Amino acid sequence: MAKKKVLIVDDEPNIVTALEYLLARSGYEVAVAEDGEAALAAVERERPDLVLLDIMMPRLNGYEVCRRLRERPDGGAIKIVILSAKGRDVDVTKGLSLGADLYVTKPFSSTELIARIGALLGDR
Amino acid sequence: MIALCMLGCVLFNFPVLALFNVPATLFGVPLLYAYIFLAWGLLIALMAWVIERRD
Amino acid sequence: MLRGWVIVVVSFAYLGLLFAIAYYADKRADQGRSLIANPYVYALSLAVYATAWTFYGSVGRAAVDGVGFLPIYIGPTLMIALWWIVVRKMLRITKENRITSLADFVAARYGKSALLGGVVTVIVVIGIVPYISLQLKAISSTFTILLQYPEIVMPAKVGAVPPLQDTALWVAIILAAFTILFGTRHLYSAEHHEGMVAAIAFESLVKLLAFLAVGVFVTFGIYDGFGDIFARAAADPKLAPLLTPFEGVAGSYASWVWLTVLSMLAILFLPRQFQMTVIENTDERHLAKAIWLFPLYMLAINLFVLPIAIGGRLHFPDGTVDADTFVLTIPMAERQELLALLVFIGGLSAATGMVIVETIALSTMVCNDLVMPVLLRLRALRLAERADLTGLLLGIRRWAIVLVILLGYLYFRIAGEAYALVSIGLISFAAVAQFAPAALGGIFWKGGTRRGALAGLLAGFAVWFYTLLLPAFARSGWLPVSLLEEGPFGLALLKPLALFGLTGLDQITHAMLWSMIANVGAYVGVSLAGTQSAEEHRQASLFVDVFRRLPEGGGARFWRGTASAQDLHNVLARFVGAEAADAAFRAYAARKGVRWPDEPLAADAEFVHYVETVLAGAIGAASARIMVGSAVKEEALTLEEVRQILDEASQVVIYSHRLEQKSRELEKATAELRAANERLKELDRLKDDFLSTVTHELRTPLTSIRAFSEILHQDPKVDLAQRRKFLGIIAKETERLTRLINQVLDLAKIESGRADWHESDVDLREVVSDTLTAMGQVFQDKNIRVETRLPEVVPRVRADLDRLIQVMLNLLSNAVKFCHPTEGRIEVALAVEDAALRVEVCDNGPGVRPGDERIIFDKFAQAGDALTGKPQGSGLGLYISRHIVEHHGGRLGVRNRPGGGACFWFTLPLARGAPLAEVTHGEEESAHR
C-alpha cells in the first residue's frame, strides 16, 4: 500500500519542521506549502490525502483555502485538518462549517494529532 | 440728531448757563438772554442742516 | 370805541373765518387736492403747542423770574432733535395699526387692553382739565379787561360773579359748540381732520403775528430798542435780578432742568400734540421740515417775551396790573385800540386752537377707549347687534366735548384764581408726562407688560394727584389748608408739598421727581416681575419692530379662526356706515384682484385683520378687537404658538441665522460623535484582534516548544544533529515568548503610568550606532544595506537609555520587516533641529497605507495585517515606542517617501520646559564633554 500523503500548510518554519518530523516518523509522505495560494497549487500538484491547514497565513488564510478545496469537484475526498492558534469557539465552529474534518488548536499534543490523522485516513 | 440733543442738554444746563449768568451785556442785551437765544438759534440751524442734508 | 359788541362781533367773525377755512380745506380734501399735505402747514399746525399760556402767561412768568419761561420751549427743541427716531417710529406704528389717539396707542401696545386705554383716558381728562380751564380764564379775563377800555381794571374774583353772568361760562359754551361743529362732522377719525388742521395752522400764523406786533411796538415804539429796555431794567434795582435769575437760588437750576424735561415729555404726550404730530400727519417726510421749522417758530414767539415783561414792569411799577395781561394792557395803556384788538384775537387764536384740538383728541379717547368698550360689554344694551352705530358714536363724542369743556370751567371756578396761567399749565404737563414710561418704553422695550404699564401709570398718576392737584384744591379752600401745612393726619412725612421731608424744590420739580420715581419704578418692576400674554407679546413685537417690515398682512398671521365676509361687512357698516364699509371692502378686493361684490371675498385671517384695522380707525384698537371678536369665531392661539410665529416672521433673519449656526454646530457634533463612535468601534475591534493576536503569538512559540519537547521526550533515537537543531528551536521560541510577555507587561505598566524611568544624560548618537551594531547580524542575514547620516557630536538629552534603545530597536526591526525582500535598504539619520534631536529610520518597502498613518501607532494595530493578512509582530512595538517618546516630551510619526518606503521619525526635545538659552548652553557643554 502506497504511503498516504499529507500537505502541511503553515508559515511558521519551526512548526513545519516539527510536523514534518512527526509525520515522516509515522510513515506519511509529506509536502509543504508556506501560504494559502501555495497550498492550493500544492494540492493540484501533490494530490495529498490530507491537508494540515493553519489559519493565519499570508496571502490567503486557512478558512479561504478550506472553502476553495471543498468547492472542487472531488472536494469531498480530501481530508482537511485545521491546525490553528485561534482557539475560540467561533473560530472552531467557523472552520468546521467550512468543511474541515477536524479542528485542532495549537499547541497540540503530537501523539493525539498523529492518532487523529491516522483515524481520518483509516489507517488504524 | 441724538448728538444734537445731547449738545442741547449741555448748552442749556447748569454749568454752562452759570457762565453766562452775570450782569454783563452784549450790544446792550444781557449776556444770559443773548446767549440762550443765540445757542438756541444755532441748535435749530444745526438741526435743519443735519436733517435737510440727510438725503 | 371798543364797545362790547364790537369785540363780540370781531370775535365771532374771526371764528367764522376759521370755520370757513376749515370748510374749504375739507372740500379740497374731498376733491383729493389736500390743502394741508405740505410740510409748512404741518409745522404750523404743530404750533398749537403755543396756547394762551404762551401768549399771555410767558410774559407773566418772565416778569417774575426773567428767562424762567424758556425751558418750556427749549425742552421741546431738544426733544424734537430726537423726533426722527421717536416720532417717526410712532408715525409708522400709528399708520400701520390705525391708531386714533394716545390712549389707543398705549392700549394697543399692551395687548389691546381696554382697561389700559380707559385708565389713560381718565388720566388725560383729569390732567388736561386744568389746562383747558387756563384757556377759558385767559379768554374771559382778557375779554373783561378789553371791555373796560380805556380804563385798565383787573377782573373781579370769579367767585363773586354768578355763573350766568360769568363770561368764562359763555366762552366755554361757545367753544364747545364750535368744537363740535369742527371736529365731529366726520366719524372716520383715522382719516385726517383736514379742515381743523388748516384752521389751526392759520391760527398759529395769527397768534405769531399778533405777538410779534406787540413785541415790536413795545421794544421799538415805546422804548428805543432792546438795549434801551435792558439798560432801564438794569438800572432798576427791582428789575435787575431778572437779568441774572439764577443768582443765589439753589433750587432754580434744578427747576430749570425739570421744566426742560417736563416739556420734553409734554411735546410728545400732550393729547393735542400727539393728535397733530402723529395722528394728523399725512406724510412721514413732513417731519423733516417740521423738525427745524417748529423750533424756529417757538424761538420767534419768545423773542419779545422778556422785553414786553420788562416794559410792563416799567410801565406799571405799582404792581396793580397782573403781569399775565401785559401783552394786552400795554397797548391799551398806549391807546392803541387796533393793536389791543389784534392782541385779543391772537390770544383767542391761541386759546381756541388749543381747546379745539385738545377736546377733539379727548373726545376720541373718551368715546373709543372709555365709553365704547364699556357699552359693548354691557350685554343688556345688545349694542353689538344694532344695525347702525354711527349716530351713537358721534353722540358720544359730542357729549364728551361738552363734558371736557365744562369740567375745565368747573376747575376754573374752583381753583383758577389761586394760580398764574403758567402754573396751571404745568400741572397738566406733569400729568401727561406720566405717559412717557409706558409709551416710550412701549416702542423701544419689548419687555414692558400690560400690568407694568398699568402699575406705572397708576402710581405716577397717584403721586401727581397727591402732590399737585390736592394742593391746588387746598389752596382754593376746597380742602383744609392744614393738609398742606401739617400733612394728612398730622403726618409731616406725607406733606403733599414735601413728600418724605424733601424740601427746597419748587412744587413742580418736587412732584415730577416723586411721580417719575414711582412711575418708572412700577413700570419696570412690575414688567420684569410678570409675564406677557400672547396678545401682548405679539403687539410688543409689532410696535418695537415696526421698522422691520413684516410680509404683507403680517399682523394677520397671528390670528386663527373662521368668519364670513357678510358678518364682517355688517360689523363694519354698523360703526362706519354702509357706504364706508363698501368702500373699504372694495379697496381690499381691488388689492386682491377680486371684483367685489360680484365675486365673494374669502374671510381669511388677513381679511379679518384688515377689517379690524379699519374698524380700529373708527372706534379704537381695543373696541375693534371686541367687535371683530363678536363677529368671528376665534380660536385662541397659545402663547407658544404666537412666539413661534413671531420668531418666524419678525426675527426671521436672526432666527434663521441662529438656526443655521445651530445646525452647523449639530452637524459638527454629530460628525464628531460618529468619528468617536467609529474610533471606539475600531478600538473595540482592535482589542478583540489584539487578544486573538496575543493568543496567537503566545501559542505559536508554545506550539513549537511543545512539539519539539514531545519529540525529544518520546523519541530517544533522534540523532545528535537533529537534537541540537530541535533544542535550538526550543530555546529561540522560548526567547520569543519571553519577549512577548515582557512587551505585554511593559504595555500594562506604561498604560497604567506605573513604569519606572531611569533618566540620565544620554548621547543619542551612541544609542543609534549601538542599536545598529546590535542589529548588524540581522541586516547581514537579510542582505539589507544600511546607510547612516550621523553628526559628529550631538547634545546630550536627559532620557531613559534603555527605553530609547527599545524604541530604536523597534523602529529598526519594523524597517527590516517591511523593507524590500531582496534588495533591502535602510537609511538612518540623526539631526539637531531647533530645540530637539530628530531621528529618522527609512525603509524601501511598500510604505504605510494612506489613512493608516495614525492608526499604526495605536495599540494592537498591525500594518502587516493589511499587507499580508498575517501579522508580523505583536502590534505593540510602535504603540509602546510612541509612549516612550511622548514621555520624553517628543513626538513619533511616520511619512511615506515619494519613491516608496516609509520613514518613521521621532524627536526628543533638548531641554524639556527649559528656555532656549539654557538649551544652547547645555549643547555647548555636552559638546565639549
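The values are calculated or read from the model by the stated rules, or taken from the named source; none is laboratory data. Just so you know, these numbers come straight off a predicted model, no measurement behind them. Here the Cβ positions follow ideal geometry from the backbone for every residue, glycine too, while neighbour counts run over all protein chains shown. Heavy atoms of the whole protein, side chains included, go into the accessibility calculation; ligands, DNA and RNA do not. Shrake-Rupley method; radii C 1.70, N 1.55, O 1.52, S 1.80 Å.
Considered as a group, the residues in segment C:282-323 that are part of a loop (DSSP other than H, G, I, E, B) and within 47 Å of the chain's Cα centre (by Cα) include one that is nearest to the other protein chains (Cβ to nearest Cβ), and that residue is C:Leu303.
Test C:Val119 against the stated conditions and say whether it is more than 23 Å from C:Leu46 (Cβ to Cβ), open to solvent by 10 Å² or more (accessible area, probe 1.4 Å), away from every other protein chain (no Cβ under 11 Å) and at pLDDT 85 or above. Yes, satisfied. Only one of the listed residues (C:Ile279, C:Ile200) is more than 14 Å from chain B (Cβ to nearest Cβ), surrounded by 23 or more Cβ atoms within 10 Å (Cβ to Cβ) and modelled with pLDDT of 85 or more. That residue is C:Ile200.
Any idea how many residues of segment A:69-124 are assigned to a helix (DSSP H, G or I) and closer than 21 Å to C:Ser692 by Cα? Full working, then the answer.
First, pick out the residues of segment A:69-124 that are assigned to a helix (DSSP H, G or I): A:69-71, A:89-97, A:110-120.
From what is left, the residues that are closer than 21 Å to C:Ser692 by Cα are A:89-97.
Of the residues in that region, 9 qualify.
Kindly establish whether C:Asp802 is within 30 Å of C:Val694 (Cβ to Cβ), open to solvent by 60 Å² or more (accessible area, probe 1.4 Å) and either at pLDDT 85 or above or within 14 Å of chain A (Cβ to nearest Cβ) (or both). Spell out how you get there, then give the answer.
On the way: within 30 Å of C:Val694 (Cβ to Cβ): yes; open to solvent by 60 Å² or more (accessible area, probe 1.4 Å): yes; either at pLDDT 85 or above or within 14 Å of chain A (Cβ to nearest Cβ) (or both): yes.
So C:Asp802 passes the test.
Would segment C:718-728 turn up any residue that is outside the structural domain of C:Glu792 (by TED's automatic domain parsing), open to solvent by less than 50 Å² (accessible area, probe 1.4 Å), without any contact (Cβ under 8 Å) to a residue 12 or more places away in the chain and part of a loop (DSSP other than H, G, I, E, B)?
Of all residues in segment C:718-728, those outside the structural domain of C:Glu792 (by TED's automatic domain parsing) come to C:718-728.
Filter once more, so that each one left must be open to solvent by less than 50 Å² (accessible area, probe 1.4 Å): C:718, C:726, C:728.
Then drop every residue that is not without any contact (Cβ under 8 Å) to a residue 12 or more places away in the chain, which leaves C:718, C:728.
Within this subset, residues satisfying the condition of being part of a loop (DSSP other than H, G, I, E, B) are C:718.
Yes, some residue in segment C:718-728 is outside the structural domain of C:Glu792 (by TED's automatic domain parsing), open to solvent by less than 50 Å² (accessible area, probe 1.4 Å), without any contact (Cβ under 8 Å) to a residue 12 or more places away in the chain and part of a loop (DSSP other than H, G, I, E, B).
Can you name every residue in segment C:53-78 that is open to solvent by 10 Å² or more (accessible area, probe 1.4 Å) and facing chain B (nearest Cβ under 8 Å)? Result: no residue meets the conditions. Here is the figure for segment C:328-356: residues that are without any contact (Cβ under 8 Å) to a residue 40 or more places away in the chain and buried (at least 20 other Cβ atoms within 10 Å of the Cβ) total 0. Taking the numbered list (1) part of a helix (DSSP H, G or I); (2) at pLDDT below 85; (3) not polar (S, T, N, Q) in turn, C:Ala190 passes all entries but (1).
Taking C:Arg450 as meeting all but one of (1) surrounded by 23 or more Cβ atoms within 10 Å (Cβ to Cβ); (2) in contact with an Asp or Glu (Cβ under 9 Å, 6 or more places away or on another chain); (3) within 20 Å of C:Val125 (Cβ to Cβ), write down the number of the exception. It fails just one condition, (3). C:Asp761 satisfies every condition listed in (1) open to solvent by less than 30 Å² (accessible area, probe 1.4 Å); (2) away from chain A (no Cβ under 14 Å) except (1).
Considering only segment C:23-52, state which residues are more than 41 Å from the chain's Cα centre (by Cα) and buried (at least 19 other Cβ atoms within 10 Å of the Cβ).
So the first thing to find is which residues in segment C:23-52 are more than 41 Å from the chain's Cα centre (by Cα), and the list is C:23-24, C:27-28, C:31.
Scanning segment C:23-52 gives no hits.
Do we find that C:Phe105 is away from chain B (no Cβ under 14 Å), among the hydrophobic types (A, V, I, L, M, F, W, C) and out of contact with any helix residue (DSSP H, G or I) (no Cβ under 6 Å at 6 or more places or on another chain) in this structure? Judged against the criteria, C:Phe105 is a match.
Of the helices (runs of 4 or more DSSP H) lying entirely inside segment C:559-649, those containing at least 1 residues that are at pLDDT 70 or above and of a type outside the set (Phe, Trp, Tyr) span C:565-576, C:578-592, C:605-619, C:621-631. The residues in segment A:34-52 that are under 10 Å from A:Ile8 (Cα atoms), more than 14 Å from every other protein chain (Cβ to nearest Cβ) and either assigned to a strand (DSSP E or B) or open to solvent by 50 Å² or more (accessible area, probe 1.4 Å) (or both) can be counted, and the count is 2. Among residues belonging to segment C:872-903 that are crowded, with 21+ Cβ neighbours inside 10 Å and within 14 Å of another protein chain (Cβ to nearest Cβ), point out the one that is modelled with the lowest pLDDT. The extreme case among them is C:Ser874. Restricting the first member to segment B:1-13 and to residues that are open to solvent by 70 Å² or more (accessible area, probe 1.4 Å), and the second to residues that are at pLDDT below 75 and assigned to a helix (DSSP H, G or I), the beta-carbon pairs closer than 7 Å and six or more apart or on different chains are B:Val10/B:Val16.
Can you find a residue in segment A:59-79 that is open to solvent by less than 40 Å² (accessible area, probe 1.4 Å), among the β-branched types (Val, Ile, Thr) and within 14 Å of another protein chain (Cβ to nearest Cβ)?
Our first condition is that a residue be open to solvent by less than 40 Å² (accessible area, probe 1.4 Å); within segment A:59-79, this holds for A:60, A:62-63, A:65-66, A:69, A:75, A:78.
Those still in the list that are among the β-branched types (Val, Ile, Thr) too: A:65, A:78.
Those still in the list that are within 14 Å of another protein chain (Cβ to nearest Cβ) too: A:65.
Yes, segment A:59-79 contains at least one residue that is open to solvent by less than 40 Å² (accessible area, probe 1.4 Å), among the β-branched types (Val, Ile, Thr) and within 14 Å of another protein chain (Cβ to nearest Cβ).
Return a yes/no flag: does segment C:684-692 have any residue that is open to solvent by 20 Å² or more (accessible area, probe 1.4 Å), more than 9 Å from chain A (Cβ to nearest Cβ), touching a residue at least 60 places away in the same chain (Cβ under 8 Å) and under 60 Å from the mean Cα position of the chain (by Cα). Checked segment C:684-692: at least one residue is open to solvent by 20 Å² or more (accessible area, probe 1.4 Å), more than 9 Å from chain A (Cβ to nearest Cβ), touching a residue at least 60 places away in the same chain (Cβ under 8 Å) and under 60 Å from the mean Cα position of the chain (by Cα). One residue stands out in segment C:784-843 among those that are farther than 28 Å from C:Asp756 by Cα and basic (Lys, Arg): the one that is farthest from the chain's Cα centre (by Cα), namely C:Arg785.
C:Glu827 meets the conditions (1) open to solvent by less than 60 Å² (accessible area, probe 1.4 Å); (2) of a type in the set (Asp, Glu); (3) within 16 Å of C:Val885 (Cβ to Cβ) in every case but one. The failed one is (3).
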